[in-house]
Amino acid sequence: MKKACLAGMIMAAISGQAAAQSWVLTDAERSTELGNWQVSSQQLKLSGEHFSLQQKVLHGGKQEGSKVLTITSENGLTIALSPTRGMDLLHVNGHGVRLGWDSPVDEVVNPAYINLESRNGLGWLEGFNEMMVRCGFEWTGHPVTKDGVIYTLHGKAGNTPASKVEVIVDDQAPHEIRIRGLLKETTFKKAKLETWTELRYVPGADSFTIHDVLTNKADYPHDYQIIYHSNFGMPILEKDARFLAPLKSVSPFNDYAKKGLADWNVYGAPTKNFDEMVFNLVPKADSSGKTVAAVVNSKGDKGAAIEFDTHQLPLLTMWKNTDTQKQGYVTGIEPGTNYAYPVTIEKEQGRVKQLQPGQSTDFVLTYSLLKDADAVKQVEQRITQIQGEEKTTVDEKPIAVE
Amino acid sequence: MKKACLAGMIMAAISGQAAAQSWVLTDAERSTELGNWQVSSQQLKLSGEHFSLQQKVLHGGKQEGSKVLTITSENGLTIALSPTRGMDLLHVNGHGVRLGWDSPVDEVVNPAYINLESRNGLGWLEGFNEMMVRCGFEWTGHPVTKDGVIYTLHGKAGNTPASKVEVIVDDQAPHEIRIRGLLKETTFKKAKLETWTELRYVPGADSFTIHDVLTNKADYPHDYQIIYHSNFGMPILEKDARFLAPLKSVSPFNDYAKKGLADWNVYGAPTKNFDEMVFNLVPKADSSGKTVAAVVNSKGDKGAAIEFDTHQLPLLTMWKNTDTQKQGYVTGIEPGTNYAYPVTIEKEQGRVKQLQPGQSTDFVLTYSLLKDADAVKQVEQRITQIQGEEKTTVDEKPIAVE
Amino acid sequence: MKKACLAGMIMAAISGQAAAQSWVLTDAERSTELGNWQVSSQQLKLSGEHFSLQQKVLHGGKQEGSKVLTITSENGLTIALSPTRGMDLLHVNGHGVRLGWDSPVDEVVNPAYINLESRNGLGWLEGFNEMMVRCGFEWTGHPVTKDGVIYTLHGKAGNTPASKVEVIVDDQAPHEIRIRGLLKETTFKKAKLETWTELRYVPGADSFTIHDVLTNKADYPHDYQIIYHSNFGMPILEKDARFLAPLKSVSPFNDYAKKGLADWNVYGAPTKNFDEMVFNLVPKADSSGKTVAAVVNSKGDKGAAIEFDTHQLPLLTMWKNTDTQKQGYVTGIEPGTNYAYPVTIEKEQGRVKQLQPGQSTDFVLTYSLLKDADAVKQVEQRITQIQGEEKTTVDEKPIAVE
């Protein structure tokens, strides 16, 4: 094996898999930070699909010091994530399709410039523009104040700079790339939740996998919640775009969503004053617990699909925010342990899970960019198959009132 | 034209004016940040008044990472502003006169170290030391909590790092300098207000102009407020210094200011326990809507004047903070769309303005350093002329109670 | 005298003492920041005990940009403090003994990433892991909201980046090292408290001295509070470790601590669900006002002692947090002007002190690492001597209810 001679490069035999090259981009323990960094398959003298990996430190405005780490695959996807913002996925592009959306927030905001408690717990909205943001893990959902404590919108993980960031490239073709980041939610006496996030991507592919492992490192049980808030706008989202998933049931999040229940899974064009409708879904899964949800354009030749495991993420939220383009024309497909109600309601209704001391739990999601009618059709068939004969129950009444 | 060879220098023909040289010091979109930077008229081989432009990245304490951009004109003014703090003006010096004041806060505090919500919405006071700070644009005024949201003192613009900073030097004598900075107040679903701030200065002159353009980039109408909080201490402010402006009316901000109404426009020496008196003024303008307000020293040979347009900024606040030197001996001349009451009161009383989707509005203010008796006399004459025969109405009753 | 040629090195004759070499590592006034820096006794060609001084800028997670300054003495102590976190002491090591503890918070958190107001005023807990953190000076104690203002847990000093950091090495043997840092707690109209912190260490010694000078730089009197929150875990803290101090009285902080009053000064092994017990102590002093408190291990051959002056710090808090290792098995020995009740209670009960305009006050504490049975015995003898015949009063009733 040939090796490029780069700072920070380490040869490592990763346990349980073939030999690989790896780089530690960030490590709080050893106080490592590579900053601007890049490597390419050419430099690594790897055959097959050309790819490059690049970390860039951003400047200007409220993104001063934020980092973006990008995988660029010549014939596959370009995937950008931010280690400074909880390893969240910023956007994914390939084959003329974009997974992501245009938020009015157009900077990768450094959490140092965000006060999550501002706007009565809605400070999160000052940084929200990701294709996928982890909403958790200490809590998630709409903000609520209890005993003087503001449980801010969607928790802190998405605004937590990663304590460790590693990039691993498999020596063996097809040279799978893994980007791993460690998020710590630690507060003396309150929490010690650690999440190893991982993104796996095979150069040239149209899919990638998120595999997160959340561990309660404390000596006491700790509640946790997670919603994988995955957001798609143009060009997938458009008039008559459709949401697809095998479902046991659907119900409106609140009275406003009730008004849109009749055609809840079909999208309208950008519509002034639409604001947002949210639907609570119970996904149906195959015999192993796996399911898939997707959004596809009107023609059915572009889309995004998310496969997930209902043992890990039993619930699904569909966020229909088909307001104007500038307001943020976007839909969220949000597999989670929870719905988006405040943690107090989620707790009351028994949906909040708990980890015992030392216990870990896994979340695996595979995101696919559906580049053509064939790709869309395959997902549709899978969904039809999982749905089977069972009809989706439509419950008109919201299960909770905020 | 000769050009210096400097990183970041771009030749640009700025639309609507003669050819010019320009530098992009900061650009969030392209992730540019020049950091420490400087250029001089000598380097640019420009004839006439010598000047230099310098950006410096500060260190230490809570100013770690803050930037200061300074224009130094050999026979004119030295003007320092901070891109990190909303392009606010820190201080201006020339001819032995200083525009600015001595705040107990003596660092250029990086907003990353400020929590605007602290002290029940008074966190802004932990960074306040500018000669001119933009109080706006989403809201301004004293803090108030409504529906759980703290509308913090004087809004967020002054603690917003500029997303773009450009310096432009006109090729033609007298080589006007323009410093432009873009401030974004963006929150998903809440606001997308963008302000292009601009400072124009002709080397050698005793005046400079602020020209801000505020745009509502959202698809919905948005309220806005702005107060140009312009602050002057020694050597202009002293016992028997005077405030001058053509006025329709004056009224005390509150009951405490009522006690000082008799000689509201004459300043006392630094006075323990004076704290602050605030007066609400309605300026009188010339036929084109222009007016001027000034503070001059007791002898009338030093001063500061601000010309502004009452169509843009119809109201004027006079802040008399003649407490002790260490407490901050300072007066504010504050042209604005609003008075300093909480936004709830301003809204109730109909003073809050609104921008339609895509609409912009301009604010143009010319600041002059009055270096001698002649300069003071000219401003006084202009004020007398605008005031004409009309007497200033004195209203004893505050228009609102906080 | 021989001098090393190093950036930032200055020759200075420090007033009131022999000639010395000094370095300004940080200076907000001159915008100096040396960043990564080091010097050693060898480089300085100093004879005697070898030592080195090193500043390191940390990276990764929430410690991005935090600085750690470390004294390493070959046969004495290694002392690490953080200029970014109020010159707080992180940990001290020597002779196989560690002063400090294992907090679940394992990064040196940059205050830019901490919101002290979060968790209803408990945000401080997201950064707490120091061996000694200054709790003050504007206020200290448990959080309380009064008139809408949250007085956050233990004040702001510990999360204030130092505005000036100097290192001074005495030319004369034994080459005493002084590390000085300036903390500013400044808010327009609210406070201008400045603290020059100083750590003095003679290379090779087992003790070091903290000498802080707090000055009220305002023109108005200002309340102040300070607790030197000094924290010790393994290997000193263990089952049957003992707390020692000459005392006039002891009382439980609250009803829960009352249950542990019988053996309040003996520690248990790590105990699940123990949480914390706090005891309010009135120290007894020698005729000059000096006293000493210590924690020693069960065998009595390891310990930590703190000498302080009861004229400066009349009160002592003992914090018994013998919960599990991962939860933070730690005890606090906390000399202070105050107990840990909210500032409202401390004020009501007359314990809050005040500084007049321009007035300064000193706090001198000597920390000793007790490396063996002899060292422990000496401290025990001193304590016995100061205690004399007088018995410690045990008051069963907490003096206040939160």
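The values are calculated or read from the model by the stated rules, or taken from the named source; none is laboratory data. Because the structure is a prediction, the values reported are computed rather than measured. Note that we place each Cβ from the backbone using ideal geometry, even for glycine, and neighbour counts take in every protein chain shown. Heavy atoms of the whole protein, side chains included, go into the accessibility calculation; ligands, DNA and RNA do not. Shrake-Rupley method; radii C 1.70, N 1.55, O 1.52, S 1.80 Å.
Brief remarks follow.
- Selection from segment C:212-235 of residues that are of a type in the set (Ser, Thr, Tyr) and either in a strand (DSSP E or B) or open to solvent by less than 10 Å² (accessible area, probe 1.4 Å) (or both): C:215, C:224, C:228, C:230
- Filtered by the rule that a residue be farther than 18 Å from residue C:75 by Cα, among the aliphatic types (A, V, I, L, M) and not in a loop (DSSP other than H, G, I, E, B), segment C:41-59 gives a lone residue, C:57.
- Qualifying positions in segment C:213-223 - in contact with an Asp or Glu (Cβ under 7 Å, 6 or more places away or on another chain) and either over 17 Å from residue B:273 (Cα atoms) or without any contact (Cβ under 8 Å) to a residue 12 or more places away in the chain (or both): C:213, C:215
- Odd one out for residue A:115 among (1) within 12 Å of chain B (Cβ to nearest Cβ); (2) touching a residue at least 24 places away in the same chain (Cβ under 8 Å): (2)
- Checklist (1) at pLDDT 95 or above; (2) away from chain C (no Cβ under 14 Å) applied to residue A:13, failing item: (1)
- Residues (in a strand (DSSP E or B), out of contact with any helix residue (DSSP H, G or I) (no Cβ under 7 Å at 6 or more places or on another chain) and over 20 Å from residue B:190 (Cβ atoms)) located in segment A:144-164: A:164
- Residue within segment B:67-84 that is open to solvent by 10 Å² or more (accessible area, probe 1.4 Å) and within 12 Å of another protein chain (Cβ to nearest Cβ) present: yes
- Test result for residue A:152, within 14 Å of chain C (Cβ to nearest Cβ), farther than 16 Å from residue A:63 by Cβ, buried (at least 24 other Cβ atoms within 10 Å of the Cβ) and polar (S, T, N, Q): yes
Okay, residues lined up against (1) free of Cβ contacts under 8 Å to residues at least 24 places away in the same chain; (2) open to solvent by 20 Å² or more (accessible area, probe 1.4 Å); (3) not aliphatic (A, V, I, L, M):
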position: A:37; (1), (2), (3): no, yes, yes
position: A:43; (1), (2), (3): no, yes, yes
position: A:52; (1), (2), (3): yes, yes, yes
position: A:105; (1), (2), (3): no, no, no
position: A:122; (1), (2), (3): no, yes, no
position: A:125; (1), (2), (3): no, no, no
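Quick grid of which residues meet (1) outside any loop (DSSP other than H, G, I, E, B); (2) within 22 Å of residue C:227 (Cα to Cα); (3) small (Gly, Ala, Ser):
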| residue | (1), (2), (3) |
| --- | --- |
| C:269 | no, no, yes |
| C:287 | no, no, yes |
| C:294 | yes, yes, yes |
| C:299 | no, no, no |
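- Test for residue B:91: is it at pLDDT 95 or above and either farther than 19 Å from residue B:198 by Cα or within 11 Å of chain C (Cβ to nearest Cβ) (or both): no
- When A:264, A:196 are checked against the criterion of being in contact with a Leu (Cβ under 8 Å, 6 or more places away or on another chain) and without any contact (Cβ under 8 Å) to a residue 60 or more places away in the chain, a single residue qualifies: A:196.
- The set of residues in segment C:118-138 that are more than 7 Å from every other protein chain (Cβ to nearest Cβ) and either more than 19 Å from the chain's Cα centre (by Cα) or not in a strand (DSSP E or B) (or both) comprises C:121, C:122, C:123, C:124, C:127, C:129, C:130, C:131, C:138.
- Test for residue C:385: is it over 22 Å from residue C:228 (Cβ atoms) and open to solvent by 10 Å² or more (accessible area, probe 1.4 Å): yes
- Residue B:173 satisfies every condition listed in (1) within 25 Å of residue A:109 (Cβ to Cβ); (2) open to solvent by 10 Å² or more (accessible area, probe 1.4 Å); (3) in a loop (DSSP other than H, G, I, E, B) except (1).
- Only one of the numbered conditions (1) buried (at least 22 other Cβ atoms within 10 Å of the Cβ); (2) in a strand (DSSP E or B); (3) touching an Asp or Glu at 6+ places or on another chain (Cβ under 7 Å) is not met by residue C:141, and that is (2).
- When residue B:369 is tested against the conditions (1) assigned to a strand (DSSP E or B); (2) free of Cβ contacts under 8 Å to residues at least 40 places away in the same chain, the lone failure is (2).
- Taking segment B:154-190 as the range and being within 16 Å of the chain's Cα centre (by Cα) and not charged (D, E, K, R) as the test, the residues that pass are B:154, B:155, B:157, B:158, B:159, B:160, B:161, B:162, B:179, B:181, B:182, B:183.
- Filter pass, residue B:258 being open to solvent by 40 Å² or more (accessible area, probe 1.4 Å) and basic (Lys, Arg): yes
- The residues on offer are A:371, A:290, A:302, A:347, and the sole one that is within 30 Å of residue B:220 (Cβ to Cβ), out of contact with any Leu (no Cβ under 6 Å at 6 or more places or on another chain) and open to solvent by 20 Å² or more (accessible area, probe 1.4 Å) is A:302.
- Segment A:236-254: number of residues that are farther than 21 Å from residue A:308 by Cα and assigned to a strand (DSSP E or B): 1
- Within segment C:183-211, the residues that satisfy the criterion of being in a strand (DSSP E or B) and away from chain B (no Cβ under 14 Å) are C:198, C:199, C:200, C:201, C:207, C:208, C:209, C:210, C:211.
- Filter result for residue C:336 (open to solvent by 10 Å² or more (accessible area, probe 1.4 Å), under 27 Å from residue C:106 (Cβ atoms) and away from chain A (no Cβ under 14 Å)): no
- Candidate set from segment A:163-178 (those that are under 22 Å from residue A:69 (Cα atoms) and in contact with a Ser or Thr (Cβ under 8 Å, 6 or more places away or on another chain)); member that is nearest to the other protein chains (Cβ to nearest Cβ): A:163
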